[in-house]
């Protein structure tokens, strides 16, 4: 799935435009029907807010992938924040695996927060829409139109929620690529040379840190 698939502005435009006129053109509406129409418009505004939050999730994912890509690049291993690097010409950089683990945890937090916020908003919107639906009469033609629009909104929320669930899979796929790069480095180390043993062990520790992080993303 392409990162840009998380951009749902186009997907929402038609629904929001349709909902923005929910209370117009219904001659003879009862006060109750007008209230339902107003509630539907409020739900539409909430959907627009969810759209904005989903776009923030995409930004967070792009930032996380860029940071991850810098960890193993050009034959060396570095912290996402920069600093000392580990390569085949390095004798040892004690403590790098643990520092890398801490840096990856920060990346995870930056990715998790906007996803959690977007999901919370989806739950709120879904509850609001469901509550409106319970008050509507499908036998009333005017209210039936609102029911159709609200059900469409629920379907859209389901689609966005499914896309949010892909965020961690995309990040995990990036980590998989990093693990492959580390494997290439490990294969180049002369394991028969005692001088290289420390470096080999650190590379293996780095690989395990990445495996643990990938599994953490995959299980989220």
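The values are calculated or read from the model by the stated rules, or taken from the named source; none is laboratory data. As the structure is a prediction and not an experimental result, all values here were calculated from the model. Neighbour counts are summed over all protein chains in view; Cβ atoms, including those assigned to glycine, are modelled from backbone coordinates with ideal geometry.
Among the residues of segment 119-136, is there at least one that is closer than 30 Å to residue 66 by Cβ, in contact with a helix residue (DSSP H, G or I) (Cβ under 8 Å, 6 or more places away or on another chain) and in contact (Cβ under 8 Å) with a residue 60 or more places away in the chain? Checked against the condition, which is being closer than 30 Å to residue 66 by Cβ, in contact with a helix residue (DSSP H, G or I) (Cβ under 8 Å, 6 or more places away or on another chain) and in contact (Cβ under 8 Å) with a residue 60 or more places away in the chain, segment 119-136 yields at least one hit. Restricting segment 153-184 to residues that are touching a helix residue (DSSP H, G or I) at 6+ places or on another chain (Cβ under 6 Å) and more than 23 Å from residue 58 (Cβ to Cβ), the residue that is surrounded by the fewest Cβ atoms within 10 Å (Cβ to Cβ) is 179. Among the residues making up segment 138-149, a single one is assigned to a helix (DSSP H, G or I), in contact with a helix residue (DSSP H, G or I) (Cβ under 7 Å, 6 or more places away or on another chain) and modelled with pLDDT of 85 or more: 147. Can you find even one residue in segment 89-98 that is surrounded by fewer than 16 Cβ atoms within 10 Å (Cβ to Cβ), modelled with pLDDT of 65 or more and assigned to a helix (DSSP H, G or I)? Yes: segment 89-98 contains one or more residues that are surrounded by fewer than 16 Cβ atoms within 10 Å (Cβ to Cβ), modelled with pLDDT of 65 or more and assigned to a helix (DSSP H, G or I). Here is a check on your reading of the model: is residue 183 in a helix (DSSP H, G or I) and farther than 26 Å from residue 118 by Cβ? Judged against the criteria, residue 183 is a match.
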